[in-house]
Protein chains: 4
Amino acid sequence: MVIVLSPGADQDAIDEIVQVVEDAGGEAFISKGVSRTIIGVVGNAGVLEALEAKDLTQHSGVHEVFRITTPYKLVSKENHSHTSTVMVGDVPIGPSTVTLIAGPCAVETPEQTLEGARLAVTAGGTILRGGAFKPRTSPYAFQGLGVEGLRILQEVGREVGMPVVTEVVDAADVDVVAQHADMLQIGTRNMQNFALLQAAGSVGKPVLLKRGLTSTYDEWFMAAEYIAQRGNLNIVLCERGIRTFEPSVRNTLDVTAVPVVHDMTHLPVIVDPSHAAGRRDLVVPLARAGLAAGADGLIVDVHARPEEALCDGPQALFGDSLTELSKVMATFPALLGRSQNQR
Amino acid sequence: MVIVLSPGADQDAIDEIVQVVEDAGGEAFISKGVSRTIIGVVGNAGVLEALEAKDLTQHSGVHEVFRITTPYKLVSKENHSHTSTVMVGDVPIGPSTVTLIAGPCAVETPEQTLEGARLAVTAGGTILRGGAFKPRTSPYAFQGLGVEGLRILQEVGREVGMPVVTEVVDAADVDVVAQHADMLQIGTRNMQNFALLQAAGSVGKPVLLKRGLTSTYDEWFMAAEYIAQRGNLNIVLCERGIRTFEPSVRNTLDVTAVPVVHDMTHLPVIVDPSHAAGRRDLVVPLARAGLAAGADGLIVDVHARPEEALCDGPQALFGDSLTELSKVMATFPALLGRSQNQR
Amino acid sequence: MVIVLSPGADQDAIDEIVQVVEDAGGEAFISKGVSRTIIGVVGNAGVLEALEAKDLTQHSGVHEVFRITTPYKLVSKENHSHTSTVMVGDVPIGPSTVTLIAGPCAVETPEQTLEGARLAVTAGGTILRGGAFKPRTSPYAFQGLGVEGLRILQEVGREVGMPVVTEVVDAADVDVVAQHADMLQIGTRNMQNFALLQAAGSVGKPVLLKRGLTSTYDEWFMAAEYIAQRGNLNIVLCERGIRTFEPSVRNTLDVTAVPVVHDMTHLPVIVDPSHAAGRRDLVVPLARAGLAAGADGLIVDVHARPEEALCDGPQALFGDSLTELSKVMATFPALLGRSQNQR
Amino acid sequence: MVIVLSPGADQDAIDEIVQVVEDAGGEAFISKGVSRTIIGVVGNAGVLEALEAKDLTQHSGVHEVFRITTPYKLVSKENHSHTSTVMVGDVPIGPSTVTLIAGPCAVETPEQTLEGARLAVTAGGTILRGGAFKPRTSPYAFQGLGVEGLRILQEVGREVGMPVVTEVVDAADVDVVAQHADMLQIGTRNMQNFALLQAAGSVGKPVLLKRGLTSTYDEWFMAAEYIAQRGNLNIVLCERGIRTFEPSVRNTLDVTAVPVVHDMTHLPVIVDPSHAAGRRDLVVPLARAGLAAGADGLIVDVHARPEEALCDGPQALFGDSLTELSKVMATFPALLGRSQNQR
């Protein structure tokens, strides 16, 4: 921690701050300059947290306080230098593979879900996705089938032999979702629903944590820390597009997030080009860009008849666009020193 | 609804769309231009919603679809031309008054809460705020006293004779919060926690709905619609600063939101200058700006000893800054054709 | 300046940095902590600039470098503790008054400009605005009358007895604009057109510097510094709305900028609610909010027949909205401890 | 063009609008619905532009006006269905190749520039970049060598046999820059410096047009239209990162821009990962992502001794990072159905 004093801070102000630092168990190193004095603070993690909790800018003479250590611990790369591999059922997501999660945006019927699963397989998918609880901006939009949707997804997963991932939107639903799914997804709108994060961290299943639409990297990693704190380090991060000023596309896929995640945390990271783009014609270019940036996998929407989809039809892959994705899955992993997951 | 066809769309494409519109019970009006054809669709609300749920851009020849009606109904100004007045206990929030909600960011102890309530009163406050469940970015930060905090807040409210508002962060806590508080607050991070919105809408207490950090106006009004759908129209909106590119202040208070809310909905709107600014010296200028823009009230943090506050001390008003706020409350309402709430 | 070393930096790395600091004429103070070492650097402005120009993060062992002093000097409040008053002709813009600049967005004809000037006067305006060189997003939109427009504006200004301000968009035009205008405006799109800033700073007329649509406060103050460096401190800053994610209004007026400008610089700051909102019905509420936040003045568009305006008609005030503005000008200054400029 | 009337608009209001449309030479098609009337307007380009210039929302009864045709013509894909190839000297930038532009951020000395050119060649570069006029946020930062820098760059280009591209920042400098360079670069801060765009469009050399830091796609294409209007269609667009809320990286590379450019215009588009990231370790992942998204080339900074660079040293490639880039240039083009430019 570094405390920068105001230009006019006198010796009394300096002494007062030094006292606060020492009372908290830290050591203060003073650098007196021509126009300013800087106080470097050292101490163990507990000392620094205690000092950060206090608002030192309240003291007269303090201009600014910089925190230097990262605020997250369990997910930080500092103590785990290699990217972790998270197992979803028997499918790995990690640094040596490229994993494709695919399926319908929403589970609508057993038939539509099975069709979606088969499309997923043809594209190279090894994990099945499908929404049973759908968070929708409008209360008048289709909200998902709920528990009935979970059952359909689980049965279809068994039939095609794929583990399944599905979203949970309320802490109260975590148990029932965990009974039916191999991985829990926390969506972009709930990234800072801390009760949900803690419940998901306690239930023993891997978690797919989507980045909030306007969350900074640090906020995202802190959300993962909430899960990790409950003893669950099986967390996969998912970049799904951020909100920017551009009105003509739904969101802006932030591929820079991929190398930043690998630099700052030991968690794997995948990319969701479907929800970022919101338009089928952009999905495959963005999928390629995400893998090229170093993502450990992809999650995409597929649908056999998108014009009838109850949710996000315009972004669902099928036909030619799906064939194009399967070519990407067949060629990109090797180019990036990885292997494609096989079924 | 307006459907714009692609430049090359032929008669078959036109006929296909007309068929879809008519099958849904709507009427299609065709405008053939030099380079494009436009189809105007008319019909009742049910017809239009059915057509919007379908993804018409899936049809060959369709370039773009514009929705024309607003997606929210119950909170819209279309059917309620005057701003509503919401009663919190016996305190009105609405178009003829300026209401000040004030109190400590977090309930820490009975003494600190009572001190905060007394500061609130001296500034002209008529509703007491205080957090018992605190959503914090870091799992290592103070998370609030929970139910014990609710009890303290309720007792202090009774002692000073003020109704109380406090945040609820999980649908499972709505009942217990409603037992202790006169108004439920839904915070910025939970604005699209739909399970929470629905639970809050069902419990019979007025709701203070903060705008999401990066929610558009439409998303905010749709979140209010979730509450309204459960039969509760006692909703007060709260603008609390949005996330922008500017790094030197915490958030950017969007005062434009105030006249926009009054133009589009019948709900009252208040402004939270404390959380927007994050810095005490900016709170009063922003409070003045919010009222001048037409806000129906303010919500601010106060603390008798901010340097000891467990949460957001740097933004809490006290001493001179509080005196300045009380002057604003004494002079601005009359200038804006309103009266200040009296205790 | 503070240099934070990486967790694993050894004594050699520390010695290397100390050497670089001392070679530049600075002093290095070392704080060795449990997990990190921090080096505080002190020295005069020249030393710090020299060190900032070097990229110290290139050195092995350096994790991060914080700059502590503000990068602007001439416009900073550090050496001028009171807000300056800038004279435009005989009209002051500064801390004891509220100045209204008003007029048509674009100069179209002598008649329309004179009508606009008279509307400006009725609203309490004391400086006349009008565009002769118009920067337009589309090359197919009206680009302004150029030098002919300057002549019209100057003549109308003389007729009504108001100094005039107009935009200059190219360094090559600075001289001719300065011959006809009492104040030069630099628009939002040119805030970082450094050749234009320098030319405007050299010509001896006061400058109205609009904030870039997405410029940070620091970038804005640095742009002012470019003008000041040429010997011209007669600079008035103008907040005119920033670009955010909200699609339903043109820009978001950032009223927080007003107290921040007054805190960080000695320059006066005014607010442009017309270009921020882009909609007439929002202009007066935003004008009030800007003044309430502490602005030293306003700049607004007026037009006698907005439906015929060649530029930005939808935001031009006239009729009732203008009357409303004149009431604001008559009542707000006193409330804020200022006087309204009188003609 | 579609004109949406307010719910209460009566027949007089409809007749008034129809009259305005017909006076402008257009045809009006009326769709009367239960709650609203929609007027579809058709006519040739001139008619529509004339109507767009008028502000139809001024008329009573008009709620909203939608423009349907794209506002840019010459750069639009509507009339040129294939991506153009732009020749820079004898080097093509277009759909069948991947072109690498590389060199030092700023021309500092003949030796440093030659070293930079040689590094560029080893990485697969076929066009040399180097800044002589540098737009810098601070007036105290290195501003470039000006004309002397142009001479150095031209000579080094001849020596290594590469055409050169360099930035021009003022309309007055366009001629001298065009005498020394094979391609003119317009930087992000000048994307809406319309005088500069027009001058660059008139001088007969290809133009590299960087996207403004917060420009929408439409604004970017309109800026290109300014150049094209002067008869110059040899324009290459360059995505270089946009400003978002994320504080920990300099900018956010928007790879979605690449397929959008190809969808909406016939211009080639390249990506600048160096200025987007501002950090060397992110440059190669972002370069890969840009190519994978479909970019027609890259522009990157290189420097033999980045710790001594006068500008943007931290992002310059050298050593291992440059080797990594050369591998990308050797493997990615084939994967994407293109060939790498050869010298």
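Would you confirm whether any residue within the stretch C:193-200 is surrounded by 19 or more Cβ atoms within 10 Å (Cβ to Cβ), more than 8 Å from chain D (Cβ to nearest Cβ) and outside any helix (DSSP H, G or I)? Among the residues of the stretch C:193-200, not one is surrounded by 19 or more Cβ atoms within 10 Å (Cβ to Cβ), more than 8 Å from chain D (Cβ to nearest Cβ) and outside any helix (DSSP H, G or I), which makes the answer no.
I need the full set of residues from the stretch C:215-229 which are among the polar types (S, T, N, Q) and not in a loop (DSSP other than H, G, I, E, B), in order please. Hit for the stretch C:215-229 is C:Gln229, nothing else. Please find, within the stretch B:285-307, the residue that is farthest from the other protein chains (Cβ to nearest Cβ) out of those that are assigned to a loop (DSSP other than H, G, I, E, B) and at pLDDT 95 or above. Among them, the one singled out is B:Asp296. Only one entry of B:Leu310, B:Leu282 meets the criterion of being buried (at least 19 other Cβ atoms within 10 Å of the Cβ), outside any strand (DSSP E or B) and within 12 Å of chain C (Cβ to nearest Cβ), and that entry is B:Leu282. Report yes if some residue within the stretch D:261-273 is more than 13 Å from chain A (Cβ to nearest Cβ), over 21 Å from D:Thr166 (Cβ atoms), in contact (Cβ under 8 Å) with a residue 60 or more places away in the chain and not in a strand (DSSP E or B); otherwise report no. Yes, because at least one residue in the stretch D:261-273 is more than 13 Å from chain A (Cβ to nearest Cβ), over 21 Å from D:Thr166 (Cβ atoms), in contact (Cβ under 8 Å) with a residue 60 or more places away in the chain and not in a strand (DSSP E or B). Number of residues in the stretch D:49-71 that are in contact with a Pro (Cβ under 7 Å, 6 or more places away or on another chain) and under 20 Å from B:Thr70 (Cβ atoms) equals 1.
If the condition is being more than 9 Å from chain C (Cβ to nearest Cβ) and either among the basic types (Lys, Arg) or not in a helix (DSSP H, G or I) (or both), then the stretch D:201-214 contributes D:Val203, D:Gly204, D:Lys205, D:Pro206, D:Val207, D:Leu208, D:Leu209, D:Lys210, D:Arg211. All conditions but one from (1) touching a residue at least 24 places away in the same chain (Cβ under 8 Å); (2) within 16 Å of A:Ser31 (Cα to Cα); (3) more than 8 Å from every other protein chain (Cβ to nearest Cβ) apply to C:Val4; the one that does not is (3). On the basis of being away from chain B (no Cβ under 14 Å), surrounded by 15 or more Cβ atoms within 10 Å (Cβ to Cβ), assigned to a helix (DSSP H, G or I) and at pLDDT 80 or above, does D:Val98 make the cut? So D:Val98 does not fit the description; no.
Among the residues of the stretch B:30-80, those identified as small (Gly, Ala, Ser) and under 21 Å from D:Ser6 (Cβ atoms) are B:Ser31, B:Gly40, B:Gly43, B:Ala45, B:Ser76. Evaluation of A:Asp10 against the conditions (1) over 38 Å from the mean Cα position of the chain (by Cα); (2) crowded, with 16+ Cβ neighbours inside 10 Å shows that the sole unmet condition is (2).
Pairs are defined by a Cβ separation below 8 Å, a sequence spacing of at least 6 or placement on different chains, a first member in the stretch A:228-239 that is assigned by TED's automatic domain parsing to the domain that holds A:Thr265, and a second member that is among the aromatic types (Phe, Trp, Tyr) and at pLDDT 95 or above; the pairs so defined are A:Leu237/A:Trp220. Scanning the stretch C:230-260 for residues that are part of a strand (DSSP E or B) and facing another protein chain (nearest Cβ under 10 Å) gives C:Ile242, C:Thr252, C:Asp254.
Scanning the stretch C:25-41 for residues that are crowded, with 19+ Cβ neighbours inside 10 Å and small (Gly, Ala, Ser) turns up C:Gly26, C:Ala28, C:Ser31, C:Gly33, C:Gly40. Of A:Thr126, A:Thr122, all but one fail to be in contact (Cβ under 8 Å) with a residue 24 or more places away in the chain and in contact with a strand residue (DSSP E or B) (Cβ under 7 Å, 6 or more places away or on another chain); the exception is A:Thr126. Under the condition of being away from chain B (no Cβ under 14 Å) and buried (at least 21 other Cβ atoms within 10 Å of the Cβ), the residues counted in the stretch A:155-184 number 10. Residue pairs whose Cβ atoms lie under 8 Å apart, sitting 6 or more positions apart in sequence or on different chains, and linking a residue in the stretch B:98-112 that is polar (S, T, N, Q) to a partner that is in a loop (DSSP other than H, G, I, E, B) and modelled with pLDDT of 95 or more, are B:Thr99/B:Thr126; B:Thr99/B:Asp296. Exactly one residue among D:Val42, D:Val34, D:Val20 is among the aliphatic types (A, V, I, L, M) and at pLDDT 85 or above, and that residue is D:Val20. Restricting attention to the stretch B:42-84 and to residues that are touching a strand residue (DSSP E or B) at 6+ places or on another chain (Cβ under 7 Å) and touching a residue at least 60 places away in the same chain (Cβ under 8 Å), the residue that is surrounded by the most Cβ atoms within 10 Å (Cβ to Cβ) turns out to be B:Val75. Go through the residues of the stretch A:115-136 one by one and say whether even a single one is surrounded by fewer than 24 Cβ atoms within 10 Å (Cβ to Cβ), closer than 23 Å to A:Gln315 by Cβ, within 14 Å of another protein chain (Cβ to nearest Cβ) and out of contact with any Cys (no Cβ under 9 Å at 6 or more places or on another chain). Within the stretch A:115-136 (the criterion being surrounded by fewer than 24 Cβ atoms within 10 Å (Cβ to Cβ), closer than 23 Å to A:Gln315 by Cβ, within 14 Å of another protein chain (Cβ to nearest Cβ) and out of contact with any Cys (no Cβ under 9 Å at 6 or more places or on another chain)), the answer is yes, since at least one residue qualifies. Of all residues in the stretch B:326-343, those satisfying the criterion of being within 12 Å of another protein chain (Cβ to nearest Cβ) and part of a loop (DSSP other than H, G, I, E, B) are B:Leu336, B:Gly337.
Taking (1) within 14 Å of chain A (Cβ to nearest Cβ); (2) touching a Cys at 6+ places or on another chain (Cβ under 9 Å); (3) buried (at least 21 other Cβ atoms within 10 Å of the Cβ) in turn, B:Phe142 satisfies each apart from (3).
Taken across the stretch A:238-261, residues that are modelled with pLDDT under 95, within 24 Å of A:Val147 (Cα to Cα) and surrounded by fewer than 24 Cβ atoms within 10 Å (Cβ to Cβ) do not occur at all. Scan the stretch D:101-118 for residues that are in contact with a Gly (Cβ under 8 Å, 6 or more places away or on another chain) and assigned to a helix (DSSP H, G or I) and the total you get is 3.
Determine if the stretch C:3-18 includes at least one residue that is under 30 Å from C:Ile270 (Cα atoms) and among the small types (Gly, Ala, Ser). Checked against the condition, which is being under 30 Å from C:Ile270 (Cα atoms) and among the small types (Gly, Ala, Ser), the stretch C:3-18 yields no hits at all. Between B:Gly157, B:Gly187, B:Gly201, B:Gly149, the distinction of being free of Cβ contacts under 8 Å to residues at least 60 places away in the same chain and in contact with an Asp or Glu (Cβ under 6 Å, 6 or more places away or on another chain) belongs to B:Gly187 only. Is it the case that some residue within the stretch A:128-140 is within 22 Å of the chain's Cα centre (by Cα), closer than 27 Å to A:Gly231 by Cβ and of a type in the set (D, E, K, R)? Yes, the stretch A:128-140 has at least one match.
The values are calculated or read from the model by the stated rules, or taken from the named source; none is laboratory data. As the structure is a prediction and not an experimental result, all values here were calculated from the model. Backbone-built Cβ (ideal geometry, glycine too); neighbour counts: all protein chains shown.
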